[in-house]
Amino acid sequence: SKSQLTYGARASTHPNPLARKLFQVAEAKKSNVTVSADVTSTKELLDLADQLGPYIAVIKTHIDILTDFGPQTIAGLQALAQKHNFLIFEDRKFIDIGNTVQKQYHGGTLRISEWAHIINCSILPGEGIVEALAQTAQAMDFPYGADRGLLILAEMTSKGSLATGPYTAASVDYARKYPSFVLGFVSTRSLGEVPATVAASADEDFVVFTTGVNLSSTGDKLGQQYQTPQSAVGRGADFIIAGRGIYAAPDPQEAARQYQQQGWEAYVARVGG
Ligand code: S5P
């Protein structure tokens, strides 16, 4: 698998421009941290993005939990993404028929396609959801269309998750069928060994985002299950996603620095540095 290669090497060979960008940002900032900025006001979100910007590669949003979402939210996020060189991942988890997800992705109140480099979806509706989202991204005008990508939610960290076995294998199949739009997966590990139906191509290099990363807790009261940065990266995470472990820490900036350092050390160990 390509996970033994450096981000720099993967950036130079990856066929997908957004994946190349992701690896370039990681390499440039020596960070594989995605902060899950699950706060509920624009001010908190932008303050967090500005404070943590230097230490992260990606910011993950749940834009629909903001009480005051508006054009200033997006303008602010985009300016900070420029300032600190990070990418934006909207964790909308699309899960509906193609016709509906196209409307949820493009336009509407949230205008997700205009500002989110990365989105994700569940494949419960079947392959059509991937095709529909890919179509919308491809139909977008420059400069948006060139740097949009999808992560398939192939597994979940919550206790009793049903995204296992054949469901996870189907996620890999769909990713292989739409390689120009699907960057990879949100999963707890690399999925190269999953017995999928569609064969891997020689240049396959899926990007793995692993959520449920926390240094000081093993879970919450609602079924969340955590692993450490070392464990996640060791199992194949290219980007580690941490929410409360960072933003709810007494000093979020210090926490981000700590996750950055540990995530990077685990990566260096994996690639044999
Ligand atoms: O399986 C998953 C997938 C996701 S995207 N488990 C998750 O927890 N998430 C998201 O990651 C979740 O919606 C939340 O935004 C974040 C985890 O937050 P934390 O505070 O538990 O780190």
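The values are calculated or read from the model by the stated rules, or taken from the named source; none is laboratory data. Every value quoted in this text rests on a predicted model; they were computed, and no experiment measured them. Backbone-built Cβ (ideal geometry, glycine too); neighbour counts: all protein chains shown. Remember, those area values only see protein heavy atoms, side chains included, never the ligands or the DNA or RNA. Shrake-Rupley method; radii C 1.70, N 1.55, O 1.52, S 1.80 Å.
If you check 83, 60, 30 for being in contact with a helix residue (DSSP H, G or I) (Cβ under 7 Å, 6 or more places away or on another chain) and under 20 Å from residue 245 (Cβ atoms), only one passes: 30. Hey, does the range 125-136 have a residue that's surrounded by fewer than 18 Cβ atoms within 10 Å (Cβ to Cβ) and at pLDDT below 95? No: the range 125-136 contains no residue that is surrounded by fewer than 18 Cβ atoms within 10 Å (Cβ to Cβ) and at pLDDT below 95.
The conditions of being at pLDDT 95 or above, within 12 Å of the ligand (Cβ to nearest atom), in contact with a strand residue (DSSP E or B) (Cβ under 9 Å, 6 or more places away or on another chain) and assigned to a loop (DSSP other than H, G, I, E, B) are met by residue 217.
Residues checked against (1) without any contact (Cβ under 8 Å) to a residue 40 or more places away in the chain; (2) among the hydrophobic types (A, V, I, L, M, F, W, C):
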residue: 61; (1), (2): no, no
residue: 65; (1), (2): yes, yes
residue: 94; (1), (2): yes, yes
residue: 99; (1), (2): yes, no
residue: 103; (1), (2): yes, no
residue: 120; (1), (2): no, no
residue: 123; (1), (2): no, yes
residue: 126; (1), (2): yes, no
residue: 133; (1), (2): no, yes
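Do you know which of the residues in the range 179-195 that are among the polar types (S, T, N, Q) and within 11 Å of the ligand (Cβ to nearest atom) is nearest to residue 20 (Cα to Cα)? Here the answer is 187.
Of all residues in the range 201-214, those satisfying the criterion of being on the phi < 0 side of the Ramachandran plot and either buried (at least 19 other Cβ atoms within 10 Å of the Cβ) or within 16 Å of the ligand (Cβ to nearest atom) (or both) are 205, 206, 207, 208, 209, 210, 211, 213, 214.
Table: residues versus (1) outside any helix (DSSP H, G or I); (2) out of contact with any Phe, Trp or Tyr (no Cβ under 7 Å at 6 or more places or on another chain).
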residue: 28; (1), (2): no, yes
residue: 34; (1), (2): yes, no
residue: 64; (1), (2): no, yes
residue: 81; (1), (2): no, yes
residue: 96; (1), (2): yes, yes
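Residue 198 meets each of the listed conditions (1) more than 12 Å from the ligand (Cβ to nearest atom); (2) among the hydrophobic types (A, V, I, L, M, F, W, C); (3) in a helix (DSSP H, G or I) apart from (3).
Those residues that are of a type in the set (A, V, I, L, M) and open to solvent by 10 Å² or more (accessible area, probe 1.4 Å), I need them from the range 170-185; list them, please. Show your work before the answer.
Of the range 170-185, the ones of a type in the set (A, V, I, L, M) are 170, 172, 175, 182-183.
Within the range 170-185, 170 is the sole residue that qualifies.
In the set 246, 240, only one residue is in a strand (DSSP E or B) and not acidic (Asp, Glu); that residue is 240.
Which residue is most open to solvent (accessible area, probe 1.4 Å), if the candidates are limited to the range 186-200 and must be hydrophobic (A, V, I, L, M, F, W, C) and more than 23 Å from residue 24 (Cβ to Cβ)? Please lay out each step first, then the result.
First, the residues of the range 186-200 that are hydrophobic (A, V, I, L, M, F, W, C): 186, 191, 194, 196, 198-200.
Add one more test, that the residue is more than 23 Å from residue 24 (Cβ to Cβ), and what stays is 191, 194, 196, 198-200.
Values: 191: 10, 194: 18, 196: 30, 198: 41, 199: 83, 200: 58 Å².
Across the range 186-200, the extreme among qualifying residues is 199.
From the list 43, 21, the lone residue that is open to solvent by 10 Å² or more (accessible area, probe 1.4 Å), part of a helix (DSSP H, G or I) and under 15 Å from residue 118 (Cα atoms) is 21. Residues to consider are 42, 100; find the one that is away from the ligand (no atom under 16 Å from the Cβ), over 18 Å from the mean Cα position of the chain (by Cα) and closer than 30 Å to residue 166 by Cβ. Only one candidate passes the filter, namely 100.
Applying the criterion of being at negative phi and in a loop (DSSP other than H, G, I, E, B) to the residues of the range 225-237, the residue that is nearest to the chain's Cα centre (by Cα) is 237. Contact map, the range 233-253: residues that are more than 12 Å from the ligand (Cβ to nearest atom) and at pLDDT 95 or above paired with residues that are open to solvent by less than 10 Å² (accessible area, probe 1.4 Å) and assigned to a strand (DSSP E or B), Cβ distance under 6 Å, separation 6+ or inter-chain. Pairs shown: 236/208; 237/208; 237/210; 238/207; 238/208.
Can you spot a residue in the range 201-211 that is under 17 Å from the mean Cα position of the chain (by Cα), among the β-branched types (Val, Ile, Thr) and in a helix (DSSP H, G or I)?
No, the range 201-211 has no match at all.
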